[in-house]
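Here is the structure we will look at, set down as structure tokens.
The values are calculated or read from the model by the stated rules, or taken from the named source; none is laboratory data. Note that the coordinates shown come from a computational prediction; the quantities given were computed from them, not determined experimentally. Please note: Cβ atoms are built from the backbone with ideal geometry, for glycine as well, and neighbour counts cover all protein chains shown.
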Amino acid sequence: MGDEAILTSAIEQLRAAVPGVEVVVFSRNAAHTRENHAVDRVLNPREAMKDEITPEVERLDLLLLGGGGILYDSEAQTYLREVTIAQRLGVPSYTFAIGVGPLKDRVERDAVREGLDRMTGITVREPSAKRLIEEIGVQVPVTVTADPALLLKPEPFTEEMLAEAGIPRGRPLVGLSVREQGAAAPDLTDAAYHQLLAEAADYIVQRFGADVVFVPMERADVREAHRVMGRMAVSERAHLLQYRYTPRQIIGLMDHFEMAVGMRLHFLIFAAITGTPLIALPYASKVSDFLSSIGLEPRATVSHTTAGTFLADLDRLWDHRAEQKGLLRDRIPVLMERASETAPLALQTVAPRAETAAKAAAKAAE
């Protein structure tokens, strides 16, 4: 869902800035991207051979890498494959508000340093990404902007849609987000955080008289939500949304929540866009950085959070929801402004290249 939101926003920004631009997307799920996004061409780099990808890259005026947290252990070299081809062919490459890390593997760090050092420009979405890029020795200047998804506008999630999703009305609703352990979240311990979230969900139901709605941001979240619900004492008051809605619809859904409790970064971003009070269970620095950017105190990571502390924080947020709403109203426009800087910065590299090509063509015609 986060990747979908980022791609949707990036395409909108590019088309607004360059009318008639041809957008080519390298996607590991080409059929889905082709069906759901207004793009001209889609290729799956995981399935295509290098000699198939090379001519596609060669015809580009600019290759954008991003967005999202894509440069991390076990995946960084894969995501840099098209960048390497572009750099060999002299095609400008630019990162589009990416996230970086964790990067502990020396081979991956070296590959990222080499790839980024040949970039025309680098934008990242959080300060921790800038720090890590500089730590591994990249010399290209790094600009911190903000996540492209912040620029998405919501679509209404109607009462009829709630009914179709099996979500009852008449009681307050609180949204919950979970995620799986993986390369991007290596420190998560499944049993521990499942139990923590189950206790939090039970507390929300029993203390605030609310129903909880698990919102899957990725397909794997459905399984994780079921595992948390299986540990709840009052699971009959928990509801699991199907994984079939668009990012704009999920942003619209946030308007129905009294507060949002979660792990996934874009779940928290979607809540913040609508001014929905939120409390995070950070699993990575990108979540802590986002909290800081909206004026909230970074929390201990989920692996270091006790149930007692977290339930007390839930109580505090419930009592001060209006105060946080005001804070979000003030902070989100600032982040949106920063997010809107990414595309213009990247597109600055295209004009000089076009001018160089025009001069070369004119000289050849003499």
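Being assigned to a loop (DSSP other than H, G, I, E, B) and modelled with pLDDT of 95 or more is the filter here, so list the residues in region 285-327 that pass it.
Those that are assigned to a loop (DSSP other than H, G, I, E, B) and modelled with pLDDT of 95 or more: I294, G295, L296, H320.
Read through the list (1) at negative phi; (2) crowded, with 18+ Cβ neighbours inside 10 Å; (3) not aliphatic (A, V, I, L, M), then give the number of the only condition that G66 fails.
(1)
Does at least one position in region 125-141 carry a residue that is part of a helix (DSSP H, G or I), at pLDDT 95 or above and under 11 Å from L65 (Cβ atoms)?
Taking every residue of region 125-141 in turn, none turns out to be part of a helix (DSSP H, G or I), at pLDDT 95 or above and under 11 Å from L65 (Cβ atoms).
Any residue in region 335-346 that's more than 9 Å from L150 (Cα to Cα) and basic (K, R): show its pairings with residues that are surrounded by 15 or more Cβ atoms within 10 Å (Cβ to Cβ) and modelled with pLDDT of 95 or more at Cβ separation under 7 Å, as long as the two are six or more apart or on different chains.
R338/T145; R338/A146
Among the candidates T342, T274, T306, T349, which residue alone is of a type in the set (V, I, T) and exposed (fewer than 14 other Cβ atoms within 10 Å of the Cβ)?
Of the residues listed, the single one that is of a type in the set (V, I, T) and exposed (fewer than 14 other Cβ atoms within 10 Å of the Cβ) is T306.
Give me the pairs: first residue in region 215-236 and within 20 Å of A260 (Cβ to Cβ), second residue assigned to a helix (DSSP H, G or I) and of a type in the set (S, T, Y), beta-carbon distance under 7 Å, and six or more apart or on different chains, which are they?
Between residues of region 215-236 that are within 20 Å of A260 (Cβ to Cβ) and residues that are assigned to a helix (DSSP H, G or I) and of a type in the set (S, T, Y), the close pairs are M229/S235.
Look at R231 and say whether it is at pLDDT below 95 and either buried (at least 22 other Cβ atoms within 10 Å of the Cβ) or not aromatic (F, W, Y) (or both).
No: the conditions fail for R231.
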